[in-house]
Amino acid sequence: MLWVRMVLRAVFLVPCLSAIWFYWAAISGARDLFSGPEKRKQDDFCPPVSILKPLCGFDKDTYENLASFCRQDYPEYQIVFGVRDREDPSVEVVERIIRDFPRRDIRLVVDGRMLGASPKVSNLANMQREAKYPFLLVSDGDIRVGEDYMKRVTRPARDPAVGVVTCMHRSLSKGLAATIEALRISTDFCAGLLVARKLEGVKFALGSTTLVRKEALDKIGGFPALADYLADDFMLGNWVGKAGYTVVLSDYVVEHALATRSLRDLIHREIRWNRGMRISRPWGYLGLIFTQGVPMSLLFLSLTARFAFGWVVLSATWGARLVMGQVVGSRYLKDRAARKYLWLVPLADLIGFVPWCYSLFGNTVEWRAQRFHLTPLGKMVPVPAGSRARWLPHQSSVLLAPLFAVLLVVGLQWNHPAVFRSSPKGGTVIRLPESGLPAIPPPPILSASSARPVKEAMPKQAVVLLNGLWNHIDILGGISSFGAFALSRDAFDKEEGSRIRHRQLGAATQSALLVAWGLGLWKQWHQLSALAAAPSGKEPWKFQVDPAFDQGRLTFVATLRRRF
C-alpha cells in the first residue's frame, strides 16, 4: 500500500505549497494597493453623492456608526436612511441623528414593499426614489468611517470609465467569537480580495461600501434586478464590470462593528457567506482548498509524522501564514485583533475550515431569523416555517465526512506501526505506541494437533489488547457518526414525518460507521494477524477477529487459529 500513502501525501502537500504561495501573493497585493507610488491629491473632485443606509434593528454602536457619516468633510451629499417597519428600533436612532445634525440633508424612508426575497435590496430600491444625486453610496448600518472617507472613496470615480468603487473593512470586536471572526476577515477574507485584485482584477463589490454611478446601476436593471440574490453586493459589482465599466478597490479601509456574540453566530454567518460564494463562484469556492494551509499542513503531518519533512512543511506553512497575517491584517489594514491576537490565527483558520467543508453541501441559509433556499443561479427562495429545504447533492455524500476521518486515522496508523523486539523468554513482544498499552507477550503455543478455533485459550493480555482496540473503534465511530449527523441535518424534510426521518438518519449513520470500521481497522487486523509468531521452528498462530450476529446484534469474536 505504499502507493496509497504516496498519493495521500501528495494530495495534502499540494494545498500546503499553494497556500504558502497564496500568503506571499496576499502580501504582494497589499503592498501594491497601499504602498504604491504616492497618488496625487485630487480633492477638487467631489461629485454630489446620495448615501443609502438600509437599517434593520440596532445595537449600542448604531448611533456612532450612523453619526460618522454625518461628520464628513465633504461639500455636498445627502443621507437616506431606510426601514421597512415604522416600529423598527432603528427609527428612534435616526430621529435622534436628524435632531443632532440639523444642517445635514437627512431623510428617513419607511416602506415595507418587497420587490424580491432580499429585504435589504427591496429596502434600497424603496430608498432610491429619494436619492437626488448621480452617485449612490450604499453602506451597511454597522459601518463606521472617518471624516475623509468620502473624499478618498470618490477619487477613482474621476475616471468616467469607473462604475463602482468598493472598500475593504476591519472589524471592531469584543469577545472571543468576535475576535476570531475579526481575524478571519482581516487576515483571510481581505487577503483573498487582494490576491484576486492582483490576478484577475476587481470583479466584485462589498457591502461595507459600494459607490456606484446611477447610469451604471440603471444599465444592469437597477436594484430590482438584484432583489432575489443573496450575494447582492457581489452581483452588483460583477454585473457592472460585465456591462463595460471598471470596478476599483479603494485603499480606504472602513471599520465594521461586529455583532457576533457566540461561536454559533460565527458559524452561521460563515455558512451563509460560504454558501453564497459557492453559488456565485463555484470554481473559486472550491479553489479555496488551496488556501487552507493550516488544516492541510496538519493533515500532511499526520501522514508523515515519522519524517522531518512533515514538520518542515508545517513550520513553513504556519510561518508564512503568521507573516501574512501580520503584514496584511496588522500593518496595512490596521486591524486591532490582528495586532493583539495574531497567535490565534491558526485557531481561526481551523474553525473557519469547518463551515467551508460543511458549506460544500446544502442549499439553505439563515438570514435575520429567516430561512432561504438557494437556487443554482444564486437566487433566494423563502422556506416556509416548519419545513427544511432539501439537500442539493445526493444523500450518499453523507459518507464524505466519515471517509475524511478514516483517511486521517489510517494515515496515523500507517505512520505508527507496531515495533517488534526479542523477549528474554523467547517469542515476540508487541508494542503499540498509539494505543498507550504496555508491552504484551504473545499467547502460549498450543498443541500442534489442534486445528479448530480455541476461544478458551484466549489469554488475558489479548483481552486487554482487544479492549484497547475497541476504544479506538469508539473514537473513529464517534467521528463518523457526528459527521453523518452534521451532513444529514439538511437532507430530510420535516413533512415526511419524524419516524421516517429518524430511520433514514439512523441508516446513514450506521452506513458511515460500518465504512469507517472497515477501512479504519483493516490495517490493525492485518498487523495483528502477523504478530503472534511462534519461536523459531514452529508453525505460526494467527490472531483473528470475526464479526458475528447474536440475537440481531452485531458482535465480534476473537480467536486464535493455527496456520497450516
Residue match in segment 243-252 (condition: touching a Ser or Thr at 6+ places or on another chain (Cβ under 9 Å), assigned to a loop (DSSP other than H, G, I, E, B) and assigned by TED's automatic domain parsing to the domain that holds residue 118)
no
Could you please give the count of residues in segment 273-312 that are in contact with a Phe, Trp or Tyr (Cβ under 8 Å, 6 or more places away or on another chain) and hydroxyl-bearing (Ser, Thr, Tyr)?
3
Taking the condition of being out of contact with any Cys (no Cβ under 8 Å at 6 or more places or on another chain) and either among the small types (Gly, Ala, Ser) or not assigned by TED's automatic domain parsing to the domain that holds residue 224 (or both), how many residues in segment 66-124 meet it?
8
Does at least one position in segment 158-171 carry a residue that is assigned by TED's automatic domain parsing to the domain that holds residue 74, closer than 30 Å to residue 347 by Cα and among the charged types (D, E, K, R)?
yes
How about segment 292-310: which of its residues are in a helix (DSSP H, G or I) and touching a Gly at 6+ places or on another chain (Cβ under 7 Å)?
300, 301, 302, 303
Would you pick out the residues in segment 80-112 that are part of a helix (DSSP H, G or I) and not acidic (Asp, Glu)?
90, 91, 93, 94, 96, 97, 98, 99
Which residues, counting only those in segment 61-73, are of a type outside the set (A, V, I, L, M, F, W, C) and within 26 Å of residue 112 (Cβ to Cβ)?
61, 62, 63, 65
So which residues in segment 325-347 are buried (at least 21 other Cβ atoms within 10 Å of the Cβ) and either of a type in the set (S, T, N, Q) or part of a helix (DSSP H, G or I) (or both)?
325, 327, 328, 329, 332, 337, 338, 345
Of the conditions (1) on the phi > 0 side of the Ramachandran plot; (2) surrounded by fewer than 19 Cβ atoms within 10 Å (Cβ to Cβ), the single one that residue 382 does not satisfy is (1)
Scanning for something over 16 Å from residue 50 (Cβ atoms), among the charged types (D, E, K, R) and surrounded by 23 or more Cβ atoms within 10 Å (Cβ to Cβ), does segment 171-182 turn up at least one residue?
yes
Looking at (1) out of contact with any His (no Cβ under 7 Å at 6 or more places or on another chain); (2) outside any loop (DSSP other than H, G, I, E, B), which is the only condition residue 259 fails?
(2)
Residues (of a type in the set (S, T, N, Q) and at pLDDT below 90) located in segment 34-71:
35, 42, 62
Is there a residue in segment 350-361 that is surrounded by 21 or more Cβ atoms within 10 Å (Cβ to Cβ) and over 10 Å from the mean Cα position of the chain (by Cα)?
yes
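Let's see how each residue does on (1) under 26 Å from residue 71 (Cα atoms); (2) under 19 Å from the mean Cα position of the chain (by Cα); (3) part of a loop (DSSP other than H, G, I, E, B); (4) at pLDDT 90 or above:
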| site | (1), (2), (3), (4) |
| --- | --- |
| 146 | yes, no, yes, yes |
| 152 | yes, no, no, yes |
| 156 | yes, no, no, yes |
| 160 | no, no, yes, yes |
| 165 | yes, no, no, yes |
| 171 | yes, yes, no, no |
| 185 | no, yes, no, yes |
| 189 | no, yes, no, yes |
Criterion: under 19 Å from the mean Cα position of the chain (by Cα) and either modelled with pLDDT under 85 or buried (at least 17 other Cβ atoms within 10 Å of the Cβ) (or both) - qualifying residue of 392, 377
392
If you check every pair at least six apart or on different chains, which have Cβ atoms under 7 Å apart with a residue in segment 187-215 that is more than 22 Å from residue 334 (Cβ to Cβ) first and a residue that is of a type in the set (S, T, N, Q) and assigned to a helix (DSSP H, G or I) second?
203/238; 204/238
Looking only at segment 167-198, count how many residues are in contact with a Phe, Trp or Tyr (Cβ under 8 Å, 6 or more places away or on another chain) and over 21 Å from residue 269 (Cα atoms).
2
Are any residues in segment 183-204 of a type in the set (Phe, Trp, Tyr) and either out of contact with any helix residue (DSSP H, G or I) (no Cβ under 7 Å at 6 or more places or on another chain) or surrounded by fewer than 21 Cβ atoms within 10 Å (Cβ to Cβ) (or both), and if so, which ones?
189
Quick count over segment 302-324, residues being touching a helix residue (DSSP H, G or I) at 6+ places or on another chain (Cβ under 8 Å) and either crowded, with 21+ Cβ neighbours inside 10 Å or at pLDDT 90 or above (or both), is 13
Here is a list of conditions, (1) under 24 Å from residue 257 (Cβ atoms); (2) among the aliphatic types (A, V, I, L, M); (3) under 17 Å from the mean Cα position of the chain (by Cα), and residue 296 meets all of them except one; can you say which number that is?
(1)
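The values are calculated or read from the model by the stated rules, or taken from the named source; none is laboratory data. On a predicted model such as this, the values are computed, not experimentally measured, just so you know. Virtual Cβ from ideal backbone geometry, glycine too; neighbours counted across all protein chains shown.
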